[in-house]
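Q: To start, I am sharing the structure in question, which I have written as structure tokens.
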Amino acid sequence: MHHRPFAVAAACDDDDDHISLPRDDIATQSKVIASRCSTWAEMGTHTFEIVGYSLNKGMGIGNFIESAIFTVDRHSWVIRFYPDGATEGTRMFASVALVLMDEGAEVRAS
């Protein structure tokens, strides 16, 4: 049984506030536009225990066992375990993937 902390960082949000500073001379008139980027991180852990691990060998490449859905910072995630590898290139190794279940969400995990 392994549990590992992971961080979820949200993408930057643009601030739509625009500031115009008027000038006296029309020839030198210009706009000053400002924006802001805010990024934050949430931490979470999820324990995914696979009972009878050796019984799951031989499922085939690309077949996986999936954890229950769990939430970190309002985003839904699952862990997928591929006993025989996720692809032909990883068939000699077990593979694990952290999968974001929210369609269209833009987040990063590490």
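Q: Has the range 34-50 got at least one residue that is within 17 Å of residue 102 (Cα to Cα) and over 14 Å from the mean Cα position of the chain (by Cα)?
A: Taking every residue of the range 34-50 in turn, none turns out to be within 17 Å of residue 102 (Cα to Cα) and over 14 Å from the mean Cα position of the chain (by Cα).
Q: Which one is farthest from residue 38 (Cα to Cα) among residues in the range 65-110 that are without any contact (Cβ under 8 Å) to a residue 24 or more places away in the chain and in a loop (DSSP other than H, G, I, E, B)?
A: The qualifying residue farthest from residue 38 (Cα to Cα) is 92.
Q: Determine whether the range 42-64 contains at least one residue that is modelled with pLDDT of 90 or more, part of a strand (DSSP E or B), farther than 23 Å from residue 92 by Cα and of a type outside the set (Asp, Glu).
A: yes
Q: Right, something else. Tell me yes or no: at least one residue of the range 18-30 is among the acidic types (Asp, Glu) and at pLDDT 90 or above.
A: no
Q: Evaluate the following for residue 106: is it surrounded by fewer than 15 Cβ atoms within 10 Å (Cβ to Cβ), more than 13 Å from the chain's Cα centre (by Cα) and either among the charged types (D, E, K, R) or at pLDDT below 95 (or both)?
A: no
Q: Go through the range 83-95 and report how many residues are of a type in the set (A, V, I, L, M, F, W, C), surrounded by 14 or more Cβ atoms within 10 Å (Cβ to Cβ) and either touching a strand residue (DSSP E or B) at 6+ places or on another chain (Cβ under 6 Å) or more than 20 Å from residue 46 (Cα to Cα) (or both). Even if it seems obvious, please write down each step before you answer.
A: Of the residues in the range 83-95, the ones of a type in the set (A, V, I, L, M, F, W, C) are 86, 92-94.
Now drop any that are not surrounded by 14 or more Cβ atoms within 10 Å (Cβ to Cβ), which leaves 86, 94.
Within this subset, residues satisfying the condition of being either touching a strand residue (DSSP E or B) at 6+ places or on another chain (Cβ under 6 Å) or more than 20 Å from residue 46 (Cα to Cα) (or both) are 86.
Count: 1.
Q: Filter the range 48-75 for residues that are surrounded by 14 or more Cβ atoms within 10 Å (Cβ to Cβ), out of contact with any Ser or Thr (no Cβ under 8 Å at 6 or more places or on another chain) and within 28 Å of residue 105 (Cα to Cα) and give the result.
A: 63, 64, 65, 67, 72, 73, 75
Q: Return yes or no: is residue 62 out of contact with any Phe, Trp or Tyr (no Cβ under 8 Å at 6 or more places or on another chain) and farther than 18 Å from residue 43 by Cβ?
A: No.
The values are calculated or read from the model by the stated rules, or taken from the named source; none is laboratory data. What you are looking at is a predicted structure, and each value in this text was computed from that prediction instead of being measured. Here the Cβ is made from the backbone with ideal geometry for all residues, glycine too, and neighbour counts use every protein chain on show.
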